[in-house]
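Trainee: One structure, as structure tokens, below. Some questions next.
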Amino acid sequence: LMRVGTILGIAALLLAGATAVYWFSLARQVSLPEDRTAFVATWLFAAALGVSAFFKRPGILGGIPATLSIIIGLFLPFTIYARPQTLGDGTIKVGDPLPHFSAPTDKGEIFDSKSLSGHLVLIKFFRAHW
């Protein structure tokens, strides 16, 4: 029979981990929500659940997941609010003409945006939430 603290610790880690996996899945798809309150609330709840596990004496089997859930549950919300993304002046929007730029490729050659003239182009610049 498992201790209540062990069950709470494992549940906390499952909640924090599943939410983190979903978050990074959305980040890979570049579809993070504007309102991130549900993610933050879930992570903070998982951290609180992890803390409550220690009040029920989880043992090593529940203590490790509880500790990890506390770390995940506090670290990820911090990264979201430490430096929020903002759109600067001159932000390119869908349908805008491509501004001229050049940059080195991964092979060290210089790429020039003029070479794309007359073609439909999707350019995706992405910065993670932190």
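The values are calculated or read from the model by the stated rules, or taken from the named source; none is laboratory data. These figures come from a predicted structure and were not determined experimentally. Here the Cβ is made from the backbone with ideal geometry for all residues, glycine too, and neighbour counts use every protein chain on show. Surface areas here come from the heavy atoms of the whole protein model, side chains and all, with no ligands, DNA or RNA. Shrake-Rupley method; radii C 1.70, N 1.55, O 1.52, S 1.80 Å.
Trainee: Where is the GNM fluctuation largest for the chain (alpha-carbon springs, 10 angstrom cutoff): Ala20, Ala46, Ala38?
Mentor: Ala38
Trainee: Ok, one more. Here are some values of P(r) over Cα pairs in 5 Å bins from 0, in percent: [x] 2, 10, 15, 14, 12, 10, 9, 8, 6, 5, 4, 3, 1, 0; [y] 2, 11, 23, 26, 22, 12, 3, 0; [z] 2, 10, 20, 23, 19, 14, 7, 4, 1, 0. Which one was computed from this structure?
Mentor: The value matching this structure is [x].
Trainee: Could you give the size of the charge dipole of the chain about its Cα centre, using +1 on the Cβ of each K and R and -1 on the Cβ of each D and E, expressed in debye and rounded to the nearest 20?
Mentor: Around 540 debye, computed over the chain.
Trainee: When the accessible area of the chain is split by element with a 1.4 Å probe, what percent falls to carbon and sulfur?
Mentor: 66 percent
Trainee: Another question, if that's okay. With the crude spin-label approximation of a point 7 Å out along Cα→Cβ, what separation in nm comes out for Tyr22 versus Phe111?
Mentor: Placing both labels 7 Å beyond Cα along the Cβ direction yields 3.4 nm.
Trainee: What residue among Val51, Ser69, Leu32 has its Cα farthest toward the positive end of the dipole of the chain, where the charges are +1 on Lys, Arg and -1 on Asp, Glu, each on the Cβ?
Mentor: Checked the options; the winner is Val51.
Trainee: Please compute the contact order of the chain in relative form: average sequence separation of alpha-carbon pairs under 8 Å and at least six residues apart, divided by the residue count, as a percent.
Mentor: 28 percent
Trainee: State in Å² the accessible area per residue of the stretch 11-130; use a 1.4 Å probe, count heavy atoms of protein chains only, and round to the nearest integer.
Mentor: For the stretch 11-130, the per-residue accessible area is 72 Å².
Trainee: Given the rule -39500 (n - 2.57) for each run of at least 4 DSSP H residues, summed and divided by the residues of the chain, what is its mean residue ellipticity at 222 nm, to the nearest 500 deg cm²/dmol?
Mentor: -18500 deg cm²/dmol
Trainee: Could you work out, for the stretch 45-107, what percent of all Cα-Cα pairs fall into each 10 Å distance bin, beginning at 0 Å and stopping at the bin that holds the largest distance?
Mentor: Reading upward from the zero bin: 17, 24, 17, 15, 16, 10, 0.
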